[in-house]
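Working notes for the structure below.
The values are calculated or read from the model by the stated rules, or taken from the named source; none is laboratory data. Given the structure is predicted, the values throughout are model-derived calculations rather than measurements. Every residue, glycine as well, gets a Cβ built from its backbone with ideal geometry; the counts of neighbours run over all protein chains shown.
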Amino acid sequence: MTPGAGSAAPLPALSESSAPLPAPFVFDAPTDWRAIDFISDLHLSPALPRTFESWARYLRETPADAVFMLGDLFEVWVGDDARDLPFERRCVEVLADAAQRRHIGFMAGNRDFLVGVEMLRASGLVGLPDPTLLSAWGRRALLTHGDALCLADTDYQAFRRLVRSEDWQREFRARPLAGRQQLAAEMRRQSESRHRFDGRDDADVDAAAALGWLRAADAAVLVHGHTHRPGSEFLAPGIERHVLSDWDLDDAARPRADLLRLTRDGWQRLTPASD
């Protein structure tokens, strides 16, 4: 992925850690920006039409100068040739329209790590490596999807290493589109039968590893998604963590969607309707 408009400067990784900090890309926000929004885990798919419409309306109407989407924008992404499918084409159109008015950053998650340069180009997205260190208005925030820090979920971490390898991705991309879709659906079914986020300690980030990342990056704020446990807390004195919400407005029993906004005055959690 190609980093966005900002100055790249690698930071040193931790010398020893069970999850050493990958050298993050440093994104310096333009000084004339007034607000930056953060969202994640929308899991867009044809099965969630209300969620899609809310997301599309939000991107049209948000007053933010930039929106950083920190992973799992899509329920699944099997390769950039999928962008010509009917639903995916609608998503591309929404993103491309929004990108004409504001900066739209995209960080891959565990569901859409196969988004590549062709999709970024078609939709106007600016790729954000995981992690990215954001510098804005004198604040330094470390942005990550969050799955790399869920160390207690050892089965997932082994799976993550497998599917992020060049060999696995090369073999997967060589399959026909229909075959990739079928395999991805089967992998999701197996994952959902083994894992549920609610009530599972191993589905949260490792606090010690998170603090290690923040110390190595000289940042006082961590922003991530993945866990579907929205909220804010202090990991240590002066060290904040903001967890982004998943979006599901098609769940009549528990509709949910929120966003995190950073301005010169600090952090604020909002719902799209309150913009």
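In region 228-244, the qualifying residues are those that are under 14 Å from residue 213 (Cβ atoms) and among the hydrophobic types (A, V, I, L, M, F, W, C), and the one that is farthest from the chain's Cα centre (by Cα) is 236.
I'm checking my understanding of the structure. Among residues of region 155-189 that are touching a residue at least 12 places away in the same chain (Cβ under 8 Å) and either touching a strand residue (DSSP E or B) at 6+ places or on another chain (Cβ under 9 Å) or among the polar types (S, T, N, Q) (or both), which one is farthest from residue 113 (Cα to Cα)? By that ranking, first place goes to 181. Among residues of region 18-29 that are closer than 25 Å to residue 158 by Cα and in a loop (DSSP other than H, G, I, E, B), those with a beta-carbon under 8 Å from a residue that is modelled with pLDDT of 85 or more and polar (S, T, N, Q) at least six positions away or on a different chain give the pairs 24/132. Sub-8 Å Cβ pairs linking a first residue in region 257-268 that is surrounded by 15 or more Cβ atoms within 10 Å (Cβ to Cβ) to a second residue that is of a type in the set (Ser, Thr, Tyr) and in a strand (DSSP E or B), at least 6 apart or interchain, are 267/232, ordered by first then second residue.
Remark: residue 124 matches the filter, which requires a residue to be of a type in the set (Gly, Ala, Ser), at pLDDT 95 or above and surrounded by fewer than 22 Cβ atoms within 10 Å (Cβ to Cβ). On inspection, residue 133 fails the criterion of being out of contact with any Cys (no Cβ under 6 Å at 6 or more places or on another chain), more than 25 Å from residue 34 (Cβ to Cβ) and not in a helix (DSSP H, G or I). Considered as a group, the residues in region 127-156 that are modelled with pLDDT of 95 or more and of a type in the set (S, T, N, Q) include one that is surrounded by the fewest Cβ atoms within 10 Å (Cβ to Cβ), and that residue is 135.
Being surrounded by fewer than 22 Cβ atoms within 10 Å (Cβ to Cβ) and not in a helix (DSSP H, G or I) is the filter here; which residues of region 105-121 pass it? Can you show your working first?
Of the residues in region 105-121, the ones surrounded by fewer than 22 Cβ atoms within 10 Å (Cβ to Cβ) are 110, 113-114, 116-118, 120-121.
Residues satisfying the conditions are 110, 113, 114, 116.
Residue count for region 60-93 satisfying the condition of being closer than 19 Å to residue 247 by Cα, of a type in the set (A, V, I, L, M), free of Cβ contacts under 8 Å to residues at least 40 places away in the same chain and surrounded by fewer than 21 Cβ atoms within 10 Å (Cβ to Cβ): 1.
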